[in-house]
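Accompanying notes for the structure given below.
Any read-out appearing in this document is the output of simple, stated calculations on the displayed coordinates, not a laboratory observation. Computed from a predicted model, the values in this text were never measured in an experiment. Note that we place each Cβ from the backbone using ideal geometry, even for glycine, and neighbour counts take in every protein chain shown.
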Amino acid sequence: MSLLPAELLSHDAVTVSAYVIFIATYLFIAVGKLPGYHLDRAGAALLGASLMVWLGVLSLEDAYAAIDFDTLALLLGMMIIVANLRLSGFFLLVNEWVVTRARYPIVLLSAIVLVSGIFSAFLVNDTICLVMTPLVLDVVLRLKRNPIPYLLAVAMASNVGSTATITGNPQNMIIGSLSRIPYGHFVAELAPVALVGLVLTVVMIALIYRQEFLSREAFAPRAHQAVRYNFAVASKSLLVTAGMVALFLTGHPVAKVAILGGALMLFSRRIKAHKVYQEIDWPLLVMFAGLFVVVAAFERVALTPGMIAAVANQHLDRVGVLAGVTAVLSNLVSNVPAVLVLKPFLANLADPQRAWLVVAMASTLAGNFTLVGSVANLIVAQRAQGAGVRISFWVYFKVGAPLTVLTILLGIWWL
C-alpha cells in the first residue's frame, strides 16, 4: 500500500487518519512493543510524527515549531552532567561511604532512599536509576540480604524525590517549559511533598518487609574498599552542578543554564567526548521530539476551543479531580504523554500555575503505582534481571500501590 500525498486526501480522511495515528502512537507507547517487530517507543513516536506531517495535518515548519527545544536542551544538559559524574567514579565513592556507615538494614534502606531521592531531584530520576541499581545490587548481594526491598527503594525513592524540582524528571521538565513556573517557586511548592514522601517510602517498605528491617541484627563488619575515581572530574562536575542549581534558583532560564553546563563538561582533557555520548539516552530525546509533533497535530484536528473549554469545566480546577485524572492517565499511557495530552485543558483554568503543579505532583507520584508506571521502574527491573534478580509485577504493586495513594493524598492536601 503506497502512501498518498496530503493534497489527494479529503479533509475528513486527514482528520480520521490523525485520530488513528494519535491513538496508535499512544497505545504503542503504553504497551512498549509490537509482536514481530523491533520498533521501540522512540521509533513509534518518530513514525507517528512523520505520518502527521506526510498527511498534511502539520506542515514541516509547524512540526519544527511544535518541538519544545527548551525541554530537549535541558534534558541533554543534565544527561551530560550525570554522565561525567558516573564516569568520574563519584557515585561509587558515595556508595562506598554509605555502605561503610550503614550497619543495620533499616539504616541502609534509609540511606538508599535518601541518596536516590536527593540525587533524582537534581539529576533526573531515570539516569539515577541507571547508576544506582548496579551499585545497590552489588552491596546487598555481598551482604547476603534480600535485594528486592532495596531495589524497590531505588525506583520508588527516585520517583518521589524527582517530584521536588523541574530537573527531577522528564515530565517536570516539560511542565517547567510550558508553564514558565520559576524553579524556586516549583521547589518551594513541591519539595515538602517529596521530603515527606521519602519518609513514607522508608516506612512502607519496612512495614511490608518487616523480617528484613524490623530487627536489631547488624551487618558483619566490612573492610573499606578502595574506589577508583577521578578527583578533578568529580570536583568539576559537582561545581558545575552547584552553579547550575544556584542559577536555576535565581531565575535564569533552566534550559540555557543546563545546556551551557553540559557543554562546559565536554571541555575536558580527561574524559573523551564519545564516552559521554555513549551515556546519553538519545532514544528518549527522539521520543520527546516525536510526541511533541504528534500531540500538536492531534490538537489541531481534534481539539476545538469549545471542546477544550468544556473539558476544562469538568471540575479540573479542583485539585483532587485534576490529580486523579492525571494519575489515571499517567498509568494508562505513561506520564510524559499524559502531561502533553493535558496541556491544552489547563490554560483555561482559573489558576493555570497551580494546575501545572498538581499535574507535576500527580504524574510523578503515579509512577510508583505499578512496575510499568514509569521508565525509572523499568530500568531498575531490567538491570536487576540482568543480575538474576526478578522483580515481579505483584511484588512491586504491593508496595507501590499504597505508597502512591498515600503520597498523592499528601500532595492533594498540601496543594
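Here residue 100 and residue 387 are evaluated by their C-beta separation; at R0 = 22 Å the FRET efficiency comes out at 0.50. Shown here are the Rg and Dmax of the Cα trace of the stretch 273-415, at 17.4, 53 Å. Projection of the Cα convex hull of the stretch 42-86, averaged over all directions and equal to a quarter of that hull's surface, yields 3.8 nm².
As a proxy for reagent exposure, ranking 88, 215 by other Cβ atoms within 10 Å from fewest up yields 215, 88. Per residue of the chain, the DSSP helices (runs of n ≥ 4 H) give a summed -39500 (n - 2.57) that works out to -24500 deg cm²/dmol at 222 nm.
For the peptides 363-370, 35-42, 258-265, residues were scored by their other Cβ atoms within 10 Å and the scores averaged per peptide; the highest-first order is 363-370, 258-265, 35-42. Backbone phi angles across the stretch 352-364, fed through the Karplus curve with coefficients 6.51, -1.76 and 1.60 (θ = phi - 60°), yield HN-Hα couplings of x, 5, 4, 4, 5, 5, 5, 5, 4, 4, 5, 5, 6 Hz in residue order; Gly and Pro are listed as x.
What is the dipole size for the chain, taken about its Cα centre, with +1 at each Lys and Arg Cβ and -1 at each Asp and Glu Cβ, in debye to the nearest 20?
1720
Based on the convex hull around the alpha carbon atoms, the stretch 6-414 presents an average projected area of 20.8 nm². Working note: Cα atoms of the stretch 1-151, range along each principal axis, descending, whole Å: 71, 33, 21.
On the basis of the beta-carbon distance and an R0 of 51 Å, residue 60 and residue 138 show a calculated FRET efficiency of 0.60. Pair-distance distribution of the stretch 222-267: all C-alpha pairs, bin width 10 Å, starting at 0; shares per bin in whole percent are 25, 40, 20, 12, 3.
Hey, quick one: spin label on residue 217, modelled 7 Å out along Cα-Cβ, who in the stretch 173-211 has an amide N within reach, i.e. under 11 Å? What the label zone holds, given the 11 Å backbone N cut-off, is 211. Taking 1.002 mPa s as the viscosity and 20 °C as the temperature, the Stokes-Einstein diffusion coefficient of the stretch 106-164 based on its alpha-carbon Kirkwood radius rounds to 195 µm²/s.
Across the chain, C-alpha contacts under 8 Å between residues 6 or more apart give a mean separation that, scaled by the residue count, equals a relative contact order of 24 percent.
Ranked by the mean number of other Cβ atoms within 10 Å of their residues, highest first, the peptides 105-112, 226-233, 158-165 come out as 158-165, 105-112, 226-233.
Taking packing as the residue-averaged number of other Cβ atoms within 10 angstrom, the listed peptides 324-332, 76-84 run from highest to lowest as 76-84, 324-332.
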